[in-house]
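Take a look at the structure below.
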Amino acid sequence: MFDLNGDGVVDIEEFNKVQILFRNQSPIGMRYRDTPNTGSVAQPLSNSGVSKYLFGDALDGKLTIEKFIHFQEELQEEILRLEFYRKQPENGEISPVDFADLLLAYAGLPEKVQHRMMQRVKKKFKGSKQGITLQDFINFSRFLKNITDVDTALTFYHMAGASVDPQTLHHVAATVAHIDLDDHVIDVVFTLFDENQDGQLSNREFTAVMKNRMLRGLKKSKDTGFIKLMNSMVKCAWDMRPAVLDI
């Protein structure tokens, strides 16, 4: 899609052509085009930080699939670091309460419901010295990238009459997302979402809230075209990766 001449890499001209295409298809991008504040958004942002990162300061580099996937992963981890350090960790850890607060940041739940959920965490982990590390937080976020598949797996457990207990969630994370979730992280998650404290997870509410977290408040599109561009590049890169890497 992005490699217009079929040479296996993307140059700045090809990147700019696709930028303009997506920007012209975005309602938000069209609304703010050619204004005194934004300039001409119909023109590609060749001098943007993203362009220089991907193609070099002189914009004469070539973008490979591997380089773009690395850029995407680094960008996602940097966002997670910013979220984590906003909680002002001590000795490299944030509290279970801070972790729970991050999980509910984009939940869209009624305030009373969120308050009740947070109170359960505060009560159980009051005085606890065990926190959540940055790597724990990153691992859980990687697990959430597979939340649709996790939702399917948990639904099958529910249909079979099996309870979704901590061991089940740990197993699903390992088999579906290939992530080894820390037991303490799972304990906090269950405390947050186990409404009646019976040791079983309400998978419907859990997956709904976690899907909202992955959207980070962007369920209703506010994209000027850049997010759609990045999403399309990610999908294209992952679709092409097996063929290019001979996997």
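A few comments on the model shown:
- Portion, in percent, of the accessible area of segment 57-190 that falls on carbon or sulfur, probe 1.4 Å: 50 percent
- Rounded, prolate or oblate (a/c below 1.5 giving rounded, otherwise prolate when a/b exceeds b/c) for segment 94-141 by Cα gyration tensor: oblate
- Paramagnetic reach from residue 215 in segment 66-84 [backbone N under 15 Å; point 7 Å along Cα→Cβ]: none
- Cross-link pairs beyond the 23 Å C-alpha cut-off, checked among 17/67; 87/129; 126/211; 87/123: 126/211
- Of the residues 91, 166, 113, the one whose Cα sits farthest toward the positive end of the charge dipole of segment 75-180, with +1 on the Cβ of Lys and Arg and -1 on the Cβ of Asp and Glu, is 113.
- Loop-located trypsin sites (Lys or Arg not before Pro) in segment 122-172 whose Cβ has at most 13 other Cβ within 10 Å (DSSP): 126, 129, 145
- Around residue 177: net Lys/Arg minus Asp/Glu count, Cβ-Cβ under 11 Å: 0
- Alpha-carbon centroids, segment 74-120 and segment 191-211: separation in whole Å: 16 Å
- Annotation: per residue accessible area for segment 64-108 equals 56 Å², rounded to a whole number [probe 1.4 Å, protein chains only].
- Global form of segment 101-219, assessed from the alpha-carbon gyration tensor, a/c cut-off 1.5: rounded
- Surrounding net charge for residue 88, when Lys and Arg each add one and Asp and Glu each subtract one, Cβ distance under 15 Å: -2
- When each of the peptides 100-108, 113-121 is scored by the mean number of other C-beta atoms lying within 10 Å of its residues, the order from highest to lowest reads 100-108, 113-121.
The values are calculated or read from the model by the stated rules, or taken from the named source; none is laboratory data. Values in this document were obtained by computation on a predicted structure and should not be read as measured data. All Cβ positions, glycine included, derive from the backbone under ideal geometry; neighbour counts span all protein chains shown. We work out accessible area using only protein heavy atoms, side chains counted, and drop any ligands, DNA or RNA first. Shrake-Rupley method; radii C 1.70, N 1.55, O 1.52, S 1.80 Å.
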